[in-house]
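Here is the structure we will look at, set down as structure tokens.
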Amino acid sequence: MIIKISSIVNPSIHSKLPHVGTTIFTEMSSLAAEYNAINLGQGFPDFMMSNPLIDLVNAAMQKGHNQYVHMNGLGLLRERIAEKSERLYSVRLNPETDITITPGGTYAIYTALTTVLRPGDEVIVFEPAYDSYIPTIELNGAVPILIPLIYPDYSIDWDLVKQKLSPKTKMIILNTPHNPTGSILGTNDIEQLRALVRNTDLFILSDEVYEHLIFDNKQHESMLRYPDLLERSFVCSSFGKTYHCTGWKMGYCIAPADMMREFRKVHQFNCFSCHSPVQFALAEYLKQEAPYLQLGKELQKKRDYFQQMMQQTKFKALPTYGSYFQLYSYEGITQESERNFAIRLTKEYGVASIPAAAFYVNGKENKVLRFCFVKNEATLEAAVNRLATVI
């Protein structure tokens, strides 16, 4: 029997993310490559990571550590994370029940949201927001409740948060240090949060992938510091950001045992095991405290260097206390939209950035661009020399 192709009805996908297309990050990186621009848009270093850590991965492979490790992650690595967390935040974690190794921080965030959310649930999201939050919420049939951070310091309006709470509110997402703004939570934010969630069944998703990239002797306000917050929190972290190996996609999630039990049910059917040699290497490397304890000071030097050089331009720096990024206002240069100006900067001046409006659902405009300063000094110098000619 011969079937005519024209008679076959092809299946079609009813998109779960109908409003999602090519992201601005992909667009700007493609433009940077096309115009041979200096890419200060994407958040990755352009310098080498630790040679000793590379050597440890090579050694792990040579020793035969190339097969599956436990679904929850290498036991020794989880023990080292527990030890580090106790040193930094005075928290006692059970590495068997409270910690799971994940293929990156974004994966940990996705899994935590998928573990908790059901259709119709509401999630408090502060904008500008890391771009994975809202699509993940929507994939789970839940509803993002968007609250703008207060420009220009990008602080939280806690009175507005209280107004936005409803019987459907299931979770609140926090990100400190914050991407894209570099703002951080302070002690007042913690007290407001504690009062907000007390005697509720609210969960907290705390995105702390930049926990060690914090500047000006500020304290990182991790949920791990506060037992009453930790008891309802999924804390997501990243080795990629800490050790300048973003392409490894290795992170972890910390949560109370009962919550982690459900997290692992989702995790086991999505990623049975993470990259084994890297886990063995990280377990050994975590014995050294200096690489993560000194990280903030090292990257603050890059922030300060970039900030000092940018004074010769017409861009105005907004405060950043952590992360890979700093926002700069261009209000004194042009009234173009952020997207259009970012594209023109790439094409005409050879420097790629990210418009902050891309981190808002409605594309809110404050006339600011995000620059990644975690680059070699030569890269930053070349970029600023070009930006100094912008008129």
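The values are calculated or read from the model by the stated rules, or taken from the named source; none is laboratory data. Only a predicted model underlies this, so the values are computations on that prediction, with no experimental measurement involved. Please note: Cβ atoms are built from the backbone with ideal geometry, for glycine as well, and neighbour counts cover all protein chains shown.
Considering region 338-378, the residues that are over 22 Å from the mean Cα position of the chain (by Cα) and in a loop (DSSP other than H, G, I, E, B) include one that is surrounded by the fewest Cβ atoms within 10 Å (Cβ to Cβ), namely Gly350. Filtered by the rule that a residue be in a helix (DSSP H, G or I), among the aliphatic types (A, V, I, L, M) and surrounded by fewer than 20 Cβ atoms within 10 Å (Cβ to Cβ), region 379-390 gives a lone residue, Ala382. On the given criteria, is Phe306 farther than 21 Å from Ile99 by Cβ and surrounded by 19 or more Cβ atoms within 10 Å (Cβ to Cβ)? When the stated conditions are applied, Phe306 passes them. All of (1) under 18 Å from the mean Cα position of the chain (by Cα); (2) not in a strand (DSSP E or B) hold for Lys302 with one exception: (1). Screening region 113-132 for residues that are under 22 Å from Ser183 (Cβ atoms) and among the small types (Gly, Ala, Ser) and picking the one that is modelled with the lowest pLDDT gives Ser132. In this structure, is Glu231 acidic (Asp, Glu), closer than 16 Å to Met49 by Cα and surrounded by fewer than 19 Cβ atoms within 10 Å (Cβ to Cβ)? Here the answer is no, as Glu231 does not meet what is asked. The set of residues in region 331-349 being in contact (Cβ under 8 Å) with a residue 40 or more places away in the chain and in contact with a helix residue (DSSP H, G or I) (Cβ under 6 Å, 6 or more places away or on another chain) consists of Thr346, Tyr349. Among residues of region 182-197 that are in the same structural domain as Gln219 (by TED's automatic domain parsing), those with a beta-carbon under 7 Å from a residue that is outside any helix (DSSP H, G or I) and among the small types (Gly, Ala, Ser) at least six positions away or on a different chain give the pairs Gly182/Gly322; Gly182/Ser323; Ser183/Ser155; Ile184/Gly322.
Counting only strands (runs of 3 or more DSSP E) that fall entirely inside region 164-273 and contain at least 2 residues that are more than 30 Å from Lys375 (Cα to Cα), the qualifying elements are 169-175, 203-207, 233-238. Out of Pro119, Pro128, one residue alone is surrounded by fewer than 22 Cβ atoms within 10 Å (Cβ to Cβ), assigned by TED's automatic domain parsing to the domain that holds Glu86 and over 22 Å from Ser276 (Cβ atoms). It is Pro119.
I need every pair where a residue in region 281-292 that is buried (at least 17 other Cβ atoms within 10 Å of the Cβ) has its Cβ under 8 Å from the Cβ of a residue that is polar (S, T, N, Q) and assigned to a helix (DSSP H, G or I), sequence separation at least 6 or different chains. What qualifies is Pro291/Thr242; Tyr292/Thr242. For region 251-291, taking the residues that are more than 28 Å from Asp55 (Cβ to Cβ) and polar (S, T, N, Q), the one that is nearest to the chain's Cα centre (by Cα) is identified as Asn270.
Among all positions in region 93-110, there is at least one residue which is among the acidic types (Asp, Glu), touching a residue at least 24 places away in the same chain (Cβ under 8 Å), buried (at least 20 other Cβ atoms within 10 Å of the Cβ) and outside the structural domain of Asn362 (by TED's automatic domain parsing). Any residue that is under 16 Å from the mean Cα position of the chain (by Cα), assigned to a strand (DSSP E or B) and under 18 Å from Arg194 (Cα atoms) - is there at least one of those in region 125-143? Yes: one or more hits.
Among (1) in the same structural domain as Gly251 (by TED's automatic domain parsing); (2) under 30 Å from Pro355 (Cβ atoms), where does Thr26 come up short? Condition (1) is where Thr26 drops out. Report whether or not His267 is surrounded by 13 or more Cβ atoms within 10 Å (Cβ to Cβ), touching a strand residue (DSSP E or B) at 6+ places or on another chain (Cβ under 7 Å) and not aliphatic (A, V, I, L, M). In short, yes. When Met223 is tested against (1) buried (at least 22 other Cβ atoms within 10 Å of the Cβ); (2) touching a residue at least 60 places away in the same chain (Cβ under 8 Å), just one condition goes unmet, and that condition is (2). Number of residues in region 16-53 that are surrounded by 14 or more Cβ atoms within 10 Å (Cβ to Cβ) and either in a helix (DSSP H, G or I) or not hydroxyl-bearing (Ser, Thr, Tyr) (or both) equals 19.
Just to check your reading of the model, which residue among Gly105, Gly43, Gly64, Gly21 is at positive phi and out of contact with any Pro (no Cβ under 7 Å at 6 or more places or on another chain)? After ruling out the rest, the residue left standing is Gly64.
If we scan region 150-162, do we find a residue that is touching a Pro at 6+ places or on another chain (Cβ under 7 Å), in the same structural domain as Thr102 (by TED's automatic domain parsing) and at pLDDT 95 or above? Yes: region 150-162 contains one or more residues that are touching a Pro at 6+ places or on another chain (Cβ under 7 Å), in the same structural domain as Thr102 (by TED's automatic domain parsing) and at pLDDT 95 or above.
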